[in-house]
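*Asks:* Structure incoming, see below.
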Amino acid sequence: MHWLRELIMRTKFFLRYGLSIIILFCSGCTLFKTTPDRTRLFDIGFKWKQSTTSSIDGAKIRLVLNDFPDYLDGPQIVTKIGKHELKSNPLYRWATPLSETILHIVRRSIQQSFPKVRIHEFPKDGACKVDYTLRLDIDELEICETTQQIIFVGTWTFSDSKQEYVNRFDFEFHESFSEGFDRYGEMVAKVEQVIFNLGDAIIKQINLILLEKETKK
């Protein structure tokens, strides 16, 4: 009977401490398990289009982003979910700051359309003597979830170095997106489209302005 009691005690000891060790081991596996990174990064690339021809040769243009909303100039994609409410989602981010993307697209568009025109991006390229200044003022780039609309609003001005004339243009572009599986992917595609719409409008007007100035010489 003594051996039976000893067997029972050993069995209880094993059950009490052995199971505890197993539970701790399993918990440790869970605690130290790598959590997958669910962050998604979105970028906006430049779309090459057929170049236009221009008689303008050697002009220097300073490109300035004069005004840009602070709430948009961060890594998170910000959407509007109410009349006065914005949502910043840390899992959905811009791979490149949106302000830099706008400048990059406008600059590349000008360079493509006017291959012999030199673009100086301020302040990155520093202050230098130029023939013209292109200034962008972005009032709003709204990604509205309630109306499923992208709204891009602002002004841009084009002036010569002596400020003898200033051409000012207001712009407002709209794009719609649908509710789908990859909603943020479509949002980004529509943001890309309104930026290219701005680039196209700027190129069209600059071409007219510079050509008209050239013919008056």
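The values are calculated or read from the model by the stated rules, or taken from the named source; none is laboratory data. Source: prediction; values computed, not measured. Glycine gets a Cβ as well: all are built from the backbone with ideal geometry, and neighbour counts include every protein chain shown.
*Asks:* Where the second residue is surrounded by 14 or more Cβ atoms within 10 Å (Cβ to Cβ) and aromatic (Phe, Trp, Tyr) and the first is farther than 16 Å from ILE195 by Cβ and lies in the stretch 88-114, which pairs have Cβ atoms under 6 Å and are six or more apart or on separate chains?
*Replies:* Partner pairs satisfying both residue conditions: TYR92/TYR184.
*Asks:* Quick one: what pairs do we get from the stretch 142-165, first residue farther than 30 Å from THR79 by Cβ, second modelled with pLDDT under 95 and of a type in the set (Asp, Glu), C-beta under 6 Å, 6+ apart or different chains?
*Replies:* Hits for this filter: SER161/ASP131.
One line per residue, one yes/no per condition, for (1) in contact with a Cys (Cβ under 6 Å, 6 or more places away or on another chain); (2) modelled with pLDDT of 90 or more; (3) farther than 17 Å from MET187 by Cα:
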| residue | (1), (2), (3) |
| --- | --- |
| ARG38 | no, no, yes |
| GLY45 | no, no, no |
| THR52 | no, no, yes |
| SER55 | no, no, yes |
| THR79 | no, yes, no |
| LEU86 | no, yes, no |
| PRO115 | no, no, yes |
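*Asks:* State all residues of the stretch 186-200 that are in contact with a strand residue (DSSP E or B) (Cβ under 8 Å, 6 or more places away or on another chain) and farther than 13 Å from LEU98 by Cα; if no residue qualifies, say none.
*Replies:* Those that are in contact with a strand residue (DSSP E or B) (Cβ under 8 Å, 6 or more places away or on another chain) and farther than 13 Å from LEU98 by Cα: MET187, LYS190, GLN193, ASN197, LEU198.
*Asks:* Just name the residue that is nearest to LEU210 (Cα to Cα) out of those in the stretch 160-183 that are within 18 Å of the chain's Cα centre (by Cα) and either at pLDDT below 90 or basic (Lys, Arg) (or both).
*Replies:* ARG183
*Asks:* Could you list all residues from the stretch 179-214 that are of a type in the set (Gly, Ala, Ser) and closer than 20 Å to SER88 by Cα?
*Replies:* GLY180, GLY185, ALA189 - these are the residues of the stretch 179-214 that are of a type in the set (Gly, Ala, Ser) and closer than 20 Å to SER88 by Cα.
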